[in-house]
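The values are calculated or read from the model by the stated rules, or taken from the named source; none is laboratory data. Predicted model only: the values in this text are computed from it and were never measured. Here the Cβ positions follow ideal geometry from the backbone for every residue, glycine too, while neighbour counts run over all protein chains shown. Please note that ligands, DNA and RNA were not included when accessible areas were found on the heavy atoms of the full protein model with its side chains. Shrake-Rupley method; radii C 1.70, N 1.55, O 1.52, S 1.80 Å.
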Amino acid sequence: MPRNIEIKASIERIDDLLPKALAIADQGPVEIEQDDTFFRCDAGRLKLRTLSPAAGELIFYRRADQQGPKESFYQLTPTHEPDRLRETLSLAWGQIGRVQKKRTLLLVGRTRIHLDRVQGLGHFLELEVVLEEDEPLEAGMQEANDIMAQLGVEPSRLIEGAYLDLLLRQQV
């Protein structure tokens with residue numbers, strides 16, 4: 001199963017971080033609108049990411065809900081009928097929430113920089129360092145920490161959990 005090292009941090013404004021990200025990026029920026037629907041899943045997290053009426057991907061992933069760099073295992077399955085798949089999964093498993101965001105994607109080598117505007121939450125930085133099959137976690141963790149430092153994001157800004165968790169906490 002593919003894996004990466006991920007960090008997520010709350011930021012004040014994407015516009016403040018974008019010039020720094022552009023300065024180190026090899027590719028991007030690419031603007032993406034994402035609508036993620038989460039379903040009940042005891043083995044990890046299961047979400048359907050809708051990118052357009054004819055494009056989406058079902059994503060299963062497992063990772064620890066902790067601050068700082070963490071290992072994430074994931075599996076992606078593309079779909080050309082995301083609305084129909086959402087309906088089927090909702091009937092079978094039940095929805096637990098939905099996250100809508102506008103993402104600016106940049107690449108620094110094998111690391112994906114996501115600058116996210118999350119509806120109802122604010123602005124965030126997410127880094128995903130894609131690991132080789134047998135690569136030690138420490139290499140990816142160091143790379144994530146180095147890029148975070150280049151972007152000037154303080155470790156105190158790191159958050160644990162997923163955007164869905166933050167949204168659900170607001171509803172309590």
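Please list, in order, the residues from region 8-37 whose amide nitrogen is less than 18 Å from a point placed 7 Å along the Cα→Cβ vector of residue 146.
Only 21-27 pass the distance filter.
Just the number, please: carbon plus sulfur as a percent of the accessible area of region 3-170, 1.4 Å probe, no ligands or DNA/RNA counted.
Reported share for carbon and sulfur atoms: 51 percent.
Taking a cut-off of 14 Å between Cα atoms, list the aspartates and glutamates near residue 101, but don't count ones fewer than 8 places away on the same chain.
List returned: 31, 33, 35, 36, 116, 126.
What is the Cα convex hull volume of the chain when expressed per residue in Å³?
So the per-residue Cα hull volume is 119 Å³.
What FRET efficiency, computed as 1/(1 + (r/R0)^6) with R0 = 35 Å and r the Cβ-Cβ distance, is obtained for residue 156 and residue 24, rounded to the nearest 0.05?
0.95
Please give the per residue accessible area of the chain, computed with a probe of 1.4 Å over protein heavy atoms only, in Å².
On a per-residue basis, the chain sits at 53 Å².
Rounded to the nearest 500 deg cm²/dmol, what is the calculated helix-only ellipticity per residue at 222 nm for the chain, with -39500 (n - 2.57) per DSSP H run of length n ≥ 4?
Mean residue ellipticity at 222 nm (helix-derived): -8000 deg cm²/dmol.
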